[in-house]
Amino acid sequence: MADAETARIYEREAREWIAQRGPRAVEDGRLDRFAAQLPAGSRIADLGCGPGWYASAFAERGLWSIALDLSAAMLKEVPAALPRVRASLLELPFRNRSLDAAWAQACYQHLPLSSLPLALAHLQRALRVDARIELTLARMPDGATQQELEAAEAERRQHTGAHAGRRFSHHSPERIARLLEGAGFCEPEIAELPGGFWLSVSARRAHTLPDFVGPGLRLLVCGLNPSLGSAEAGIPFAHPGNRFWRAAQHAGLVERDRDPLDALSRGIGFTDLAKRATARAAELEDAEYRAGRERVEGLVRRLKPRAVCFVGLGGWRASIDPRAGPGWVQGGFGGVPGYLMPSTSGLNAASRPEELARHLARAARGP
């Protein structure tokens, strides 16, 4: 969730904040460069809109824009002609694929590190395929500890200066690129802005699935890669012939069919070894699995789920052990127990639904 103290400061000091600042991204040309990439009439969300400076600028340039902020005091300053909505970045009120672009200046950095992957997943689902985003995040702070430098991210509450009292999440450019990949974005461009505090981040919404992850996971489920149907639906294992959801219900892991957010609320997260969506997993190259293994291992080390379960043996055999079979991985994976199970695809007729359910239940129980 968003940091409550930071939210209270913005609510209490909205007028002072507005008086001390201006639409810097209009003045330095960033907004015009972003708008030039969008067709006339594009639907764009100005997230963390403040008094609506940028939503107004987009509207003046022929784009339909909506202003979104968590602060009611900020939204009161938005011009009356603009549509506006009060909402959290973790609960975006937009239909799937309803937006052509998103602009988010100085807002996502206030989310806790543990919440940012899911917030970006919500953003990805709200955007059409190939939609553009531009946002800012805070770079790694001066004086970062060795542990923070190794993690390439940090959380700090500012005690002095213009941001006093506010909580910030900080990232290295490399870490931001990984976050975007996991959230279903591609072609990241990251640049330091003048002053050295902010990083400007742009990317494109890919035709893939975002990770559905958060803190405190009982089990992280890792598929081979999204099918084209799953990428289209925004749901892991979405094909009607895939037995994952039926098996997960029988194993007592989930209650609702094909609902990754409900599953996440029950401690079941989702990711993929490879992010490229294909008609069949056999279309992937072994190198894609090997690169994906590194990304997923980093994700596991950060999230520390109780266990991670790889659904489908092909990716593991291609990237780690060609002779691997179902069961617990010797030595674990990313510092937690790792479990391998057969594919839940309907093409895998050798594995019966009750057998798949037993594998999932065993993975969730732990070794």
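Values quoted throughout were computed directly from the atomic coordinates according to the rules given, and no laboratory measurement underlies them. Model, not experiment: these values are computed from the prediction. A quick note on method: Cβ atoms are made from the backbone with ideal geometry, for glycine too, and the neighbour counts reach across all protein chains shown.
Could you give the dipole magnitude of the chain about its Cα centre, charging the beta-carbon of Lys and Arg +1 and that of Asp and Glu -1, in debye to the nearest 20?
The dipole magnitude comes to about 900 debye.
Who wins for biggest fluctuation among G184, G195, G29 in a Gaussian network model of the chain, springs between alpha carbons below 10 Å?
Among G184, G195, G29, the largest mean-square fluctuation in the Gaussian network model of the chain belongs to G195.
Please report the relative contact order for the range 4-205, taking Cα pairs under 8 Å with a sequence separation of at least 6, and give it as a percent rounded to a whole number.
17
On C-alpha positions alone, give me the angle between the axis of helix 116-126 and the longest principal axis of the chain, in degrees, nearest 10.
Result, in degrees: 90.
Which of the listed residues, A203, P215, V311, is farthest toward the dipole's positive end in the chain, when Lys, Arg count +1 and Asp, Glu count -1 at the beta-carbon?
Farthest towards the positive pole: V311.
Which value, in debye to the nearest 20, gives the size of the charge dipole of the range 292-367 about its Cα centre, when Lys and Arg are +1 and Asp and Glu are -1 at the Cβ?
I would put it at about 240 debye.
Grab the other residues whose beta carbon is less than 15 angstrom from that of F333, score K and R as +1, D and E as -1, and report the net.
On the way: positive: R290, R293, R295, R301, R302, K304, R306, R317; negative: D272, E294, E297, D321.
Local net charge: +4.
If one computes the Cα centroid of the range 150-211 and of the range 89-148, what distance in Å separates the two points?
Using only Cα atoms, the two centres lie 8 Å from each other.
Determine the sum of side-chain charges near A357: Lys and Arg each +1, Asp and Glu each -1, restricted to other residues whose C-beta is under 13 angstrom from that of A357. Mind dumping the intermediate values first?
Values: positive: R243, R246, R352, R358, R362, R365; negative: E354, E355.
So the environment of A357 carries a net charge of +4.
In whole Å, what are the Cα extents of the range 117-258 along the three principal axes, biggest one first?
Computed over the Cα atoms, the extents are 55, 32, 24 Å.
Please build a GNM for the chain, connecting alpha carbons under 10 Å apart, and tell me which residue among A19, A183, A144 fluctuates the most.
Highest fluctuation among the options: A19.
I'd like the trypsin sites (Lys or Arg not before Pro) in the range 267-360 restricted to DSSP loop residues with at most 10 other Cβ atoms within 10 Å, sorted by number.
Here the sparse-neighbourhood loop sites are R323.
For the range 217-284, state which GluC sites (Glu not before Pro) are in a DSSP loop and have at most 15 other beta carbons lying within 10 Å of their beta carbon.
The qualifying sites are E255.
Looking at the chain, what % of its DSSP beta bridges pair antiparallel, to the nearest 5?
So the antiparallel bridges amount to about 40 percent of the total.
Could you give the size of the charge dipole of the range 275-328 about its Cα centre, using +1 on the Cβ of each K and R and -1 on the Cβ of each D and E, expressed in debye and rounded to the nearest 20?
320
What percent does the relative contact order of the chain come to when contacts are Cα pairs within less than 8 Å and at least six residues apart?
12
Which net charge results when you count Lys and Arg as +1 and Asp and Glu as -1 among the other residues whose beta-carbon is under 9 Å from that of A131?
Net charge around A131: +3.
Tell me what the chain gives for mean residue ellipticity at 222 nm when only DSSP H runs of n ≥ 4 count, each as -39,500 (n - 2.57), the sum divided by the residue total, rounded to 500 deg cm²/dmol.
Mean residue ellipticity at 222 nm (helix-derived): -9000 deg cm²/dmol.
Name the residue farthest towards the positive end of the dipole of the chain from the options L38, W328, V26, assuming +1 on Cβ of Lys and Arg, -1 on Cβ of Asp and Glu, about the Cα centre.
Value: W328.
Enter the angle in degrees (range 0 to 90, nearest 10) between the Cα long axis of helix 353-365 and the first principal axis of the Cα atoms of the chain, meaning the one along which they spread out most.
Value to nearest ten degrees: 60.
Among A138, A277, H110, flag the residue with its Cα farthest along the positive direction of the charge dipole of the chain, charges on Cβ as +1 for Lys/Arg and -1 for Asp/Glu.
Farthest along the dipole direction, towards plus: A277.
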